Each structure stands twice: as structure tokens, then as C-alpha cells.
Amino acid sequence: MGKYQQRDRIARLISWGHWFTFTNILLCLLVGILYLETIGSTGTALGNLYLVVNWLGHFAFLPFVFFIILLFPFCLILPYSRILRGLGALLASFGLFILIFDAFFFRQYGFHLNAYSLAQMARDAETIFAGASFVGLLAVIFGFLMILSFQVTLANLTWKRLDRLRGHRIGPRISAVLVSCFLASHIIHIWADANLYMPITQQDDLLPLSYPSTAKTLMARHGWINPDTYQSQRDRLTETDGLELQYPLGNLLCSREQNSRPTLVVAFDQLTTAQQRQMEQINGLDPLADVSLGHTDPAQGAFELVYSLPDLYQRHIEQGQVAPAYQATLQDYGHELRFHHTLNWPGEQAPQSIQSQLVMWPHDHRLNQPLTVVFASQADFNVMTTAVNAAIRNQHRVIVTALTPALDLTSQQQDLPAIWQEFVVPMWAANLGTGYVNGPGNTFAQTADVMPTALSGFMSCAEDFRSFAVGRDLTTADNGLPRVHSVNSRFYIFEREQTTILERNGDMAVYNHDGELRPGVAPPTPVLINSLQELQRFGRPRR
């Protein structure tokens with residue numbers, strides 16, 4: 001073969017590669033619509049423009065990069081059309097299959113495939129496929145073979161019709177449009193990042209393998225912004241405006257419970273070891289669970305108790321002055337809910353929406369009041385023990401807990417996992433009914449479980465209060481672990497054998513029950529996904 005023939009063959013193969021890549025760009029754009037549907041409209045014209053431009057530029061860029069890295073070198077090394085068509089079809093099939101799989105994974109769980117999820121899914125598959133799910137494996141293989149056969153056909157068609165395709169002048173024009181969209185998307189994102197424009201920056205994690213340009217490094221290098229000020233503004237905006245509250249999730253579908261009894265809920269700020277021992281001596285007052293966890297801050301603990309929501313929603317609830325969702329339903333059923341505080345409890349530590357309803361204890365308290373919630377200081381311990389004793393003697397339902405752990409470490413239970421001990425609080429109950437007395441017992445409880453348990457005596461709601469609470473009714477069967485817990489900027493996933501700590505920046509660490517870090521270990525994929533979905537159930541990115 002002559003020098004010029006070799007050059008012509010290589011040029012023809014490169015031209016084929018461009019057109020084959022272009023057809024796969026169109027396929028990727030079609031798959032990319034699945035990602036766009038998850039966010040819908042951003043609510044602004046500029047946000048929607050960026051969404052479309054980024055979609056065009058990103059899914060044009062991905063196939064082109066793979067062509068340059070994986071296929072173009074073979075055009076020079078192995079200039080044989082049959083080999084390259086087969087190799088191109090195989091590489092394109094793998095890429096398109098992974099993209100389709102990631103798209104459905106993202107629509108279902110809200111994040112993309114990564115090394116962690118792939119490794120964990122592979123371990124899970126070893127168990128699943130060894131059983132009754134062999135048909136699922138065959139479906140995956142069959143789907144890949146279908147894509148491969150389509151790509152082989154596509155590769156052959158573009159090769160056979162290459163002369164006709166090269167005769168069109170539309171190729172350079174389309175390429176110019178796609179390149180312009182790619183550059184424009186990064187320029188727009190730099191501006192949005194510098195101005196903290198949420199309709200655009202909230203799309204950062206929408207598309208796979210997307211790393212949009214940011215303003216921080218470039219502008220800080222030229223002295224246009226202060227990095228510390230920029231980051232503090234970004235964090236503040238993310239905390240206040242990055243979440244759109246959905247509380248409750250829908251209309252409360254509840255029915256009134258018959259033969260309801262007065263219920264007293266007492267929430268101390270904290271209790272010393274001696275006070276806990278004294279409370280345990282009260283006849284009829286028994287532990288509500290084997291392990292009960294509270295918060296580290298009494299104000300956030302009070303919010304978690306009243307709303308049965310993680311503390312990450314507190315800012316949004318208070319900004320909107322949103323009342324507890326169950327309060328109106330209780331009033332419709334003729335059940336009065338009263339909030340009290342003792343003499344030494346700072347009223348400002350109660351959630352803002354109920355501070356105007358707070359009444360000093362025991363002023364204006366009636367013994368047979370339907371539902372009473374008392375925030376109590378440990379300095380008022382004797383006053384509240386008298387009230388608890390009186391309520392138990394009158395066969396009232398009683399729940400007593402502390403919002404934060406005791407300061408004296410002797411109250412910690414040494415047989416508990418090390419990380420759990422920093423959150424352990426006491427939780428007792430009396431007269432909750434036969435379901436509680438004769439039930440299987442509760443292994444694990446949280447402050448968020450208090451109000452669903454108290455409300456169970458007055459109403460039954462669809463999905464066990466899940467339309468307005470993350471807590472569960474402790475009078476029903478124990479669902480056990482795992483459970484997720486939110487404390488300030490950290491999320492804790494408690495499992496039987498380990499505890500996972502998630503930072504809001506995505507960092508993750510897993511500890512055993514002795515508090516020792518387990519490098520390279522991660523929670524099972526379903527546990528991580530379900531925990532994140534549970535935390536985010538009442539919020540979504542603001543559009």
C-alpha cells in the first residue's frame with residue numbers, strides 16, 4: 001500500500017469516527033432527557049436556558065472525548081475498517097449501556113453511579129444472583145446485546161454511507177453549535193457561581209461526569225473576590241435557600257381514636273445520673289426502648305420532639321412560622337394541645353412557632369387536659385416528678401424523656417457502641433396501652449418518636465404519621481435498625497454492627513461499635529440510599 005493510500009485510508013477512518021461519534025451524540029442526548037425530567041423547570045428563564053445549553057454541550061462533549069481517547073489512536077495504529085467498526089461498536093455499547101443504567105439509577109435514587117455504589121452493588125449481586133434473580137441477570141445481558149447489535153448496525157451504516165455523509169456541509173455547523181453550547185454552559189456557570197445564582201448552581205450534580213467551571217479559583221486569583229467571604233455567603237445561601245420545604249407531604253389522612261386518655265409528655269433539658277435513678281423508682285414508669293438517643297442542643301432537641309423532623313428543617317420551619325401539622329387535626333377532633341414550660345426553662349429554646357402558646361407550669365393546667373407537652377429544666381425536677389406520679393395514679397398516658405445527654409459521664413451505658421453514648425438520653429413511659437405492654441419491646445428510639453407515640457392515643461393516620469413525621473409510633477412493633485439521626489451538620493446512620501457518619505460535603509466515615517474507624521468500609525447501598533431519602537423526604541432543591 002502506497003503512502004498516499006495509507007493516508008487516505010486513515011483520513012477516511014477518522015471521518016467515519018466523527019460521524020459515528022455524532023450519531024452517538026444524538027443517542028446520548030435522547031438518554032439525557034431522562035435527567036432533565038428529574039428537575040423539570042428551574043423556575044427562571046436563565047435557569048432553563050442553562051439547562052438546555054448544558055444538556056447539549058455536555059452530551060456532545062462526552063462521546064467526543066471518548067472518541068479522542070479510545071478510538072482515534074486506533075485509527076492511526078490499526079487502520080482497518082472492520083476492526084475499528086467492531087471496536088467502536090463495542091466501546092459505544094458499553095458507554096451507552098452505562099449511561100442508560102446511570103440515568104435510571106439517578107431517577108430512582110437521586111445520585112449517580114460511582115466506585116462505592118458499583119462495588120457495593122457487585123457484592124449485593126453475588127447474593128441476589130445466587131438465588132432467584134437469575135432472570136434479572138439475563139435481562140441485563142440481553143439489554144446489552146440489544147444495544148451492541150444496534151451499535152454494530154450503526155457503525156456499518158455510517159461506513160457504507162460515508163461518502164454521502166461527507167458530501168453534506170451540515171457537519172461543521174452542528175459541531176460549531178455544540179462546541180458553542182459547551183463553552184457557553186461553562187461561562188454561564190462561572191457567572192452563576194460568582195453570584196450564587198441557585199437556579200443554575202443547583203444543577204451541578206444533575207448530569208453524569210459533570211464538572212462545571214466555578215468562579216472561586218479564577219476570581220480569587222485576580223483579587224476580584226475574597227475566598228472566605230465567598231464561601232461563607234455560599235454556605236449561608238445553601239442553608240437558607242437551597243431547600244424547598246414540603247411539610248406536610250399531603251393532607252393528613254387520619255381517623256379519630258375512640259376512648260382516648262389524657263397524655264402527659266415531659267421533656268427535660270437533661271437529667272443527671274441521680275435524677276435518672278430517682279425517676280426509675282416511680283412505680284409504673286418503664287423504659288420505652290433499650291436505647292434512646294437525643295440531641296446535643298436542647299433547642300434543636302425541642303424542635304425535633306415537637307415536629308418529629310430532623311434539625312436540618314428547623315430554619316425553614318421557623319422562617320415560615322409553620323405550626324405542627326398535627327395540631328389542626330387534633331383541634332378538629334376536639335382534643336386540646338397545650339404547651340407548657342417550667343419556671344427555669346428558657347422559653348426561647350422552644351420552637352418559635354409555639355412560643356406564643358407556652359404557658360408557665362403548673363399555671364392554667366387541668367388534670368384531665370387531653371394532650372400536654374411540658375418543657376422542663378432539671379432544676380424543676382421535683383415539681384415534675386410530682387406531676388408524673390399524679391398522672392400515673394390517674395391512669396393517664398405518660399412519656400418522660402431528656403432532650404440532651406447527661407453531663408456526668410457515669411450515666412453513659414458502657415455496653416453501648418462508643419459513638420451512641422454521646423447521644424444517649426433516658427426515655428420512659430407509663431400506661432401506653434396493651435400494644436406497648438404486650439408488644440415485642442423497642443430496641444431503638446429517638447426524640448422524634450415521642451410525638452408520634454403520644455398522638456397514637458388520639459388518632460390513626462395513613463402510613464403511621466409518615467406524612468408529617470420521621471419518627472415512629474413506639475407502641476407498635478419495633479422496626480429495629482438501621483435508623484438515621486441528624487445532629488447539626490452531620491448525619492448518623494446507626495446499624496447493628498457499625499455507625500456511619502456523613503458530612504454535608506459528602507465525606508463519609510464508618511466506625512465499629514468500639515469507636516474505631518473502619519477504612520475502606522461503607523454501609524450497604526440500600527441502607528445509605530434509604531437513609532438519605534428519609535432525611536430529604538420533607539425537602540427538595542429549590543427551583
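The values are calculated or read from the model by the stated rules, or taken from the named source; none is laboratory data. On a predicted model such as this, the values are computed, not experimentally measured, just so you know. Glycine also receives a Cβ, built like all others from the backbone with ideal geometry; neighbour counts cover every protein chain displayed.
Scanning segment 445-495 for residues that are within 20 Å of the chain's Cα centre (by Cα) and hydrophobic (A, V, I, L, M, F, W, C) yields 448, 465, 468, 469, 470, 481, 484, 487, 491, 493, 494. Just to be sure before I move on: is residue 293 more than 17 Å from residue 388 (Cβ to Cβ) and not assigned by TED's automatic domain parsing to the domain that holds residue 333 in the structure I sent? Taking the combined requirement at face value, the residue does not satisfy it.
Within segment 277-299, being part of a helix (DSSP H, G or I) and either in contact with a strand residue (DSSP E or B) (Cβ under 8 Å, 6 or more places away or on another chain) or surrounded by 13 or more Cβ atoms within 10 Å (Cβ to Cβ) (or both) holds for 278, 279, 280, 298, 299.
Residues are listed down the side, and each one gets a yes or a no for (1) modelled with pLDDT of 80 or more; (2) not polar (S, T, N, Q):
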| residue | (1), (2) |
| --- | --- |
| 145 | yes, yes |
| 149 | yes, no |
| 158 | yes, no |
| 162 | yes, yes |
| 180 | yes, no |
| 190 | yes, yes |
| 201 | no, no |
| 207 | yes, yes |
| 214 | no, no |
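Candidates 328, 302: the one that is of a type outside the set (D, E, K, R) and at pLDDT below 95 is 328.
Exactly one residue out of 306, 383 is of a type outside the set (S, T, N, Q), out of contact with any strand residue (DSSP E or B) (no Cβ under 6 Å at 6 or more places or on another chain), more than 21 Å from residue 487 (Cβ to Cβ) and assigned to a helix (DSSP H, G or I): that is 383. Taking the conditions (1) outside any loop (DSSP other than H, G, I, E, B); (2) more than 22 Å from the chain's Cα centre (by Cα) in turn, residue 258 satisfies each one other than (1). Among the residues examined, residue 200 qualifies as assigned to a helix (DSSP H, G or I) and in contact (Cβ under 8 Å) with a residue 60 or more places away in the chain.
Here residue 31 does not fit the description of being in a helix (DSSP H, G or I), out of contact with any strand residue (DSSP E or B) (no Cβ under 6 Å at 6 or more places or on another chain) and more than 25 Å from residue 71 (Cβ to Cβ). Are any residues in segment 515-535 of a type outside the set (Ser, Thr, Tyr) and modelled with pLDDT under 80, and if so, which ones? Residues satisfying the conditions are 520, 521, 522, 523, 524, 526, 527, 528, 529, 530, 532, 533. Filtering 487, 470 for residues that are in contact with a helix residue (DSSP H, G or I) (Cβ under 9 Å, 6 or more places away or on another chain) and modelled with pLDDT under 90 leaves a single hit, 487. Report whether or not residue 269 is closer than 30 Å to residue 421 by Cβ and buried (at least 17 other Cβ atoms within 10 Å of the Cβ). Yes, satisfied. Of the listed requirements (1) farther than 25 Å from residue 494 by Cα; (2) modelled with pLDDT under 95, residue 288 misses just one: (1).
The residue of segment 287-297 that is farthest from residue 428 (Cα to Cα), among those that are of a type outside the set (S, T, N, Q) and within 24 Å of the chain's Cα centre (by Cα), is 297.
Condition test on residue 261, is it modelled with pLDDT under 50, out of contact with any Cys (no Cβ under 9 Å at 6 or more places or on another chain) and not aromatic (Phe, Trp, Tyr)? Taking the combined requirement at face value, the residue does not satisfy it.
Kindly indicate whether residue 344 is in the same structural domain as residue 456 (by TED's automatic domain parsing) and in a helix (DSSP H, G or I). No, not satisfied. Residues in segment 496-520 that are assigned to a loop (DSSP other than H, G, I, E, B) and under 18 Å from the mean Cα position of the chain (by Cα): 504, 505, 506, 507.
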